[in-house]
Each structure stands twice: as structure tokens, then as C-alpha cells.
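The values are calculated or read from the model by the stated rules, or taken from the named source; none is laboratory data. Since this is a predicted model, take the numbers as computed values, not measurements. Every residue, glycine among them, receives a Cβ derived from its backbone with ideal geometry; neighbour counts consider all protein chains shown.
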Amino acid sequence: MSISDTAEVLVLDSKKMPRHVAIIMDGNGRWAKLRGWHRTMGHAYGTQRVKEIIREADRIGIKVLTLYAFSTENWSRPSGEIEALMQLLRDYLLKERQELLDNNIRLQALGQIERIPTEVRAILEDTIEVTSPNTGMLLNFCLSYGGRADIIQATQRLAREVASGQLEISQIDEARFSDYLYTSGMPDPDLVIRTSGEFRISNFLLWQMAYSEIFVTDTSWPDFEPSHLRAACEAFSQRKRRFGQTDEAQRKPL
Ligand code: IPE
Ligand code: IPE
Ligand code: MG
């Protein structure tokens, strides 16, 4: 039985659903190469999946969906591939903005957004602005995102506040540090999914992932369907999370 067959018969238990799901959408290039196509075709097909997965995540009651779309390291790819990815982002935002509004979804971008080309950035900022009053699912696009860069920017802001006397060193604790990250105010991801089979984090949500459950699937991102998302959530619901405690005395970390 394939993963999608299993997923079709699943009935998800809303009490055991992850609140925050984060996805490393990997494998577009290899998927295209297998078909003898250019890598950018993989990105184009992958963008179709983005739409479907957002819709499904919302439908099954996920509160926060974080999609790793472009890393700080991805800037070192060939310029043609970067341009194609930025174009796809632009087209996605223009086409899907209304769908986000219709579904009460709020978009946020996490990462060094200032590095995104001006025209695309303007459309991105506009979409963030128009969806900001929405109260439904929070959708994070990690764009020009690096977990290390996130920790550095938080540290710099904290250091600046200490230097200017606004903050005492003793006031820096885990909760405050979390507040200075791009994910400020959000719960940490309960479930991190990586498509395309690699067992690595690739600089994603390094701080926030401390106690996330990890689900790796061999399925490439352009083949990742709503049923695969449901299967990942079902697998999550079977996990026993301990947060460093014993089975008997479990509580969430602060
Ligand atoms: C993920 O697919 C999309 C981005 C990182 C932008 P890749 O482009 O990394 O595809 P593979 O991993 O090379 O197959
Ligand atoms: C991670 O994929 C980044 C995104 C999915 C945006 P990569 O393809 O960049 O990661 P590596 O190079 O395999 O570690
Ligand atoms: Mg990759």
C-alpha cells in the first residue's frame, strides 16, 4: 500500500493534530531531471503543490503553516534559477492573493526580505498588508531565510537594546529570545516535514525546532499531495512526545 492509499482512509483526530506544521519543500530539481526537464520545471510544478497544500492545511485545521521556499544559501544558485524562482513567487502572489483573502489566511514572510528583488518584494509586502487583518490560518513563507541568520538578527537587536540601556542582560531568557526571532508570537513547529528523502535540516528554524517531530518522506515536493500531508499528520498523532520528561510526568517546556 502506498503512502497516499493509506492516507485516503485516515480520519484525523483534531485533538492530536499539529498546530504548527513546517515543510522543507525539497526535490524539485531532481524531480525535473528525472523527466529530462530543466530544474525550473520542477519549481513550476512545485508551486502548484504549494497552492494545494495550503488549501489542505487550512481545511484540516492547521493553525500555522510554514513553508521553506528559499534559503539564504539558495542565493548561490545560478542566476537563471534564482530569477525563475522569483518569477514564480511573483506569479503565485498575484494569482493567489484573492484565494488567501477568501479563506481568511494571513501571509507573513520570514527571512531577509530586503534581499528579494524590488518588484517581487513590493508585491509580497502588499499581499502581507492586505491579508494582515485575516484571523484564520497563518501562512509563513520562508524567503531568503536562514536559521543562523535569524539567530544573529535576534542577537543583534538584543545587544543593541542592552547597549542603549533599554534591557538588562539578566532579562534575556528563552522566551524573550524567541520573541526576537522572525517567528515571534508563534508556537514552535510541532511537525517538520521534509520531502525528497534527505535527513537534514538545511538551516531551517534551528532554534524553533528544538522539540519538533520530524517526518521525512521520499516523495519529491512536486509529487507531494494533500493525502501525503494528511499521512504526515496521522504519523504525528501517533508520536509520543516527551519534551525531556518521563512518560509519567510530561509537560511542555517553557
Ligand atoms: C527545493 O527543490 C526548492 C528550493 C530549494 C528552492 P530543489 O531545487 O532543492 O531540488 P533538488 O533538491 O535539487 O532536487
Ligand atoms: C532546503 O533545500 C531549502 C529549501 C527547501 C528552500 P536545499 O535543497 O537548499 O537544501 P540542501 O542543499 O539539500 O541541504
Ligand atoms: Mg534541494
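Quick one: which residue in 202, 196, 184 is away from ligand 2 (no atom under 16 Å from the Cβ) and modelled with pLDDT of 95 or more?
184
Restricting to region 53-80, count the residues that are in contact with a helix residue (DSSP H, G or I) (Cβ under 6 Å, 6 or more places away or on another chain) and over 24 Å from residue 212 (Cα atoms).
Result for region 53-80: 0.
Residue 211: over 14 Å from residue 23 (Cβ atoms) and touching a Pro at 6+ places or on another chain (Cβ under 7 Å), yes or no?
Taking the combined requirement at face value, the residue satisfies it.
Filter region 218-232 for residues that are assigned to a loop (DSSP other than H, G, I, E, B), within 13 Å of ligand 1 (Cβ to nearest atom) and either acidic (Asp, Glu) or within 13 Å of the chain's Cα centre (by Cα) (or both) and give the result.
218, the sole residue that qualifies.
Looking only at region 102-141, count how many residues are over 18 Å from the mean Cα position of the chain (by Cα) and crowded, with 16+ Cβ neighbours inside 10 Å.
Residues flagged as over 18 Å from the mean Cα position of the chain (by Cα) and crowded, with 16+ Cβ neighbours inside 10 Å within region 102-141 amount to 5.
Of the residues in region 56-98, how many are part of a helix (DSSP H, G or I), surrounded by 15 or more Cβ atoms within 10 Å (Cβ to Cβ) and more than 11 Å from ligand 1 (Cβ to nearest atom)?
Just the residues of region 56-98 that are part of a helix (DSSP H, G or I), to begin with: 56-59, 73-76, 79-98.
With the extra rule that they be surrounded by 15 or more Cβ atoms within 10 Å (Cβ to Cβ), the set shrinks to 56-58, 74, 81-82, 84-90, 92-93, 96-97.
Going one step further and asking which of them are more than 11 Å from ligand 1 (Cβ to nearest atom), we end up with 56-58, 87, 90, 92-93, 96-97.
Count: 9.
I want to confirm something. Restricting to region 190-217 and keeping residues that are within 12 Å of ligand 1 (Cβ to nearest atom) and not polar (S, T, N, Q), which single residue is farthest from residue 35 (Cα to Cα)? It would help to see each step written out before you state the result.
Let us first name the residues in region 190-217 that are within 12 Å of ligand 1 (Cβ to nearest atom), namely 194-198, 200, 202-204.
Now drop any that are not not polar (S, T, N, Q), which leaves 194, 197-198, 200, 204.
Numbers: 194: 22, 197: 18, 198: 20, 200: 25, 204: 28 Å.
Ranking the candidates gives 204 first.
Is region 151-164 home to any residue that is among the hydrophobic types (A, V, I, L, M, F, W, C) and touching a strand residue (DSSP E or B) at 6+ places or on another chain (Cβ under 9 Å)?
Scanning region 151-164, I find no residue that is among the hydrophobic types (A, V, I, L, M, F, W, C) and touching a strand residue (DSSP E or B) at 6+ places or on another chain (Cβ under 9 Å), so the answer is no.
What number of residues within region 11-31 satisfy the criterion of being part of a helix (DSSP H, G or I) and either away from ligand 3 (no atom under 15 Å from the Cβ) or in contact (Cβ under 8 Å) with a residue 40 or more places away in the chain (or both)?
Residues that pass the stated criteria total 6.
Please enumerate the residues belonging to region 11-42 that are in contact with a Cys (Cβ under 8 Å, 6 or more places away or on another chain), at pLDDT 95 or above and more than 16 Å from ligand 2 (Cβ to nearest atom).
Those that are in contact with a Cys (Cβ under 8 Å, 6 or more places away or on another chain), at pLDDT 95 or above and more than 16 Å from ligand 2 (Cβ to nearest atom): 17, 18.
Taking into account only those residues within region 214-234 that are in contact with a strand residue (DSSP E or B) (Cβ under 6 Å, 6 or more places away or on another chain) and surrounded by 18 or more Cβ atoms within 10 Å (Cβ to Cβ), which is farthest from residue 144 (Cα to Cα)?
232
Please go through (1) touching a helix residue (DSSP H, G or I) at 6+ places or on another chain (Cβ under 9 Å); (2) crowded, with 23+ Cβ neighbours inside 10 Å; (3) more than 14 Å from residue 92 (Cα to Cα); (4) not polar (S, T, N, Q) for residue 37 and return the number of the only condition it doesn't satisfy.
Residue 37 satisfies all of (1) touching a helix residue (DSSP H, G or I) at 6+ places or on another chain (Cβ under 9 Å); (2) crowded, with 23+ Cβ neighbours inside 10 Å; (3) more than 14 Å from residue 92 (Cα to Cα); (4) not polar (S, T, N, Q) except (2).
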